[in-house]
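What follows is a set of notes on a single structure, which appears directly below.
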Amino acid sequence: MTVCVPAERELVLTLAVPPERVPVKVGPPLMTKVTVPVGVPAPGGTGATVAVKVTD
């Protein structure tokens, strides 16, 4: 009969502690997805309005 004895190990203690500092988001996001319909002028710009009458 073979007997195995576990090897000695150091006692390790792990604690969960809150971080000393909390990360704060600074500045605009690196990338923003924006969808603008075709024909819409940029903010502050103006666009032309055209009326079209179709007859048969």
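Under the convention that each Lys and Arg Cβ holds +1 and each Asp and Glu Cβ holds -1, the size of the dipole of the chain around its Cα centre is about 280 debye. Subtracting the Cα-Cα distance of Lys33 and Val50 from their residue separation scaled by 0.36 nm leaves 3.2 nm. Ratio of Rg to Rh for the chain: 1.60 [Cα atoms; Kirkwood radius as inverse mean 1/r over pairs]. For the chain, build the charge dipole from Cβ charges (+1 Lys, Arg; -1 Asp, Glu) around the Cα centre, then report which of Leu30, Met1, Val12 sits farthest towards its positive end. So the residue we want is Leu30.
Where a number appears in this text, it was derived from the coordinates with a stated rule and is not lab data. What you are looking at is a predicted structure, and each value in this text was computed from that prediction instead of being measured. No Cβ is skipped: glycine too gets one built from the backbone with ideal geometry, and neighbour counts run over all protein chains shown.
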